[in-house]
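Laboratory data are not the source of any read-out in this text; all were calculated from the coordinates shown. These numbers were taken from a predicted model, which means no experiment stands behind them. Neighbour counts run over all protein chains shown; Cβ positions are idealised from the backbone, glycine included.
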């Protein structure tokens, strides 16, 4: 039987086929291995490590808006990395904001998790750093950035002009999206181990109503009011030892801001509170707020309770206050410059209708509610609302001050600028001196 011409033309010798098979097996089997080995050597080179470090620094800097530099960076395991001696600097001034000894991270498709070891923050650069974070991270709609979780398990040191502040434990969660961006933080304090401070800042990116919402919650721990004076100058009127426990919310719009608070103020220095009136009340007390609503620094409504004991009060100021506000009182003590306070306690509610007071102290039978007890003096409250105009006149400075006109002007300007005057009632007219003081106060409040 003869063979086909085509078969003879494409027939290959058996030894050649075997050689081809061996060559193909070696080529396709060893080539991946060779590339893996070469890739391993390449990843060990200083050039590749420098490339990884630059990519990591660039990504973090672009997401947060600050400039990040690190001494070394390495991939320790699949999707895990470690950076040492990390510096965070201001993008324009190049001022050092924070320094971190070591950063360990885990990279996943939905986001990153980062642990910071021994971070140190420069308190003098905190405001500028927060401003950059707000403007770059919060105010920029982001489509590609993922969730970023930051943990500081061993605490954070903050260096300020007054010394070093140690925070015990911090957790941060940065959640950027196209519609809104959020920064959530939880902070624990070493001297208050049974609670934590929670801060949440959210930026709404809707073009028709861009706004920033802030919520500070410290329902189980006390916060030093001095730490917030730069952002809320009103707090300096509470004294150096005042502290707050509760919830504070603020909504910042392009043309106005609104705020509300619920909680307690402790160690309030009433000498500082009444400093514009010549400090007619001296001592420390507490203030509970059931409700406080502000708009652009003006009180819309406030209600709560005030308690104070073992202090001192100016006799002439108290007498004129009671007469101006028509408060029932019993005066059996002889007139003197100052009197020791046994106890003061009253509830209050202030809104556009006026001021309502309710005494909280026990008094003689058939007496109105008692608000203050002093040696030889009992001061009660009137159930009728007090007009805001009467309140301004009643809280004037002490008549015996060496410069009463200046103190009166300051107090009147301050009160008329923050009280909730109804639209149908205009604040009392100010003198020329008062008007000048008011303009200076307004100019000084701009930041």
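Could you check the simple spin-label distance between residue 117 and residue 324, using points 7 Å along Cα→Cβ, in nm with one decimal?
6.4
Please give, to one decimal in nm, the separation of the simple spin-label points placed at residue 164 and residue 367, each 7 Å out from Cα toward the Cβ.
5.5
Mind sorting 196, 87, 92 by how few other Cβ atoms lie within 10 Å of their own Cβ, fewest first? Numbers along the way, then the final one.
On the way: 196 20, 87 15, 92 9.
Fewest to most other Cβ atoms nearby, the residues stand as 92, 87, 196.
Listing 186, 53 from the residue with the fewest other Cβ atoms within 10 Å to the one with the most, what is the order? Show your work: numbers first, answer last.
Details: 186 15, 53 18.
With the sparsest Cβ surroundings first, the list reads 186, 53.
Enter the Cα centre distance for the pair segment 50-107 and segment 221-279, rounded to the nearest angstrom.
37
Gain in length, residue 26 to residue 50, computed as 0.36 nm per residue apart minus the alpha-carbon separation, to one decimal in nm? It would help to have the intermediate numbers written out before the result.
Details: separation 24, 0.36 × 24 = 8.64 nm, distance 3.48 nm.
Full-extension gain reported as 5.2 nm.
Where does each of 47, 56 land when they are ranked from fewest to most other beta-carbon atoms within 10 angstrom? Please list the in-between numbers first.
On the way: 47 8, 56 20.
Fewest-to-most ranking of 47, 56: 47, 56.
Given the Cα-Cα distance of residue 227 and residue 79 and 0.36 nm per residue of separation, how much length would full extension add, in nm?
Values: separation 148, 0.36 × 148 = 53.28 nm, distance 3.91 nm.
Length gained between residue 227 and residue 79: 49.4 nm.
Can you classify segment 143-282 as rounded, prolate or oblate using the Cα gyration tensor, where a ≥ b ≥ c are the square roots of its eigenvalues, rounded means a/c under 1.5, and otherwise it's prolate if a/b beats b/c and oblate if not?
Working: a/c = 2.49, a/b = 1.39, b/c = 1.80.
It comes out oblate by the Cα gyration axes.
Kirkwood Rh over Cα pairs of segment 39-178 into Stokes-Einstein at 37 °C, 0.692 mPa s: D in µm²/s? Walk me through the numbers on the way to the answer.
On the way: Rh = 16.0 Å.
Answer from the Stokes-Einstein relation: 206 µm²/s.
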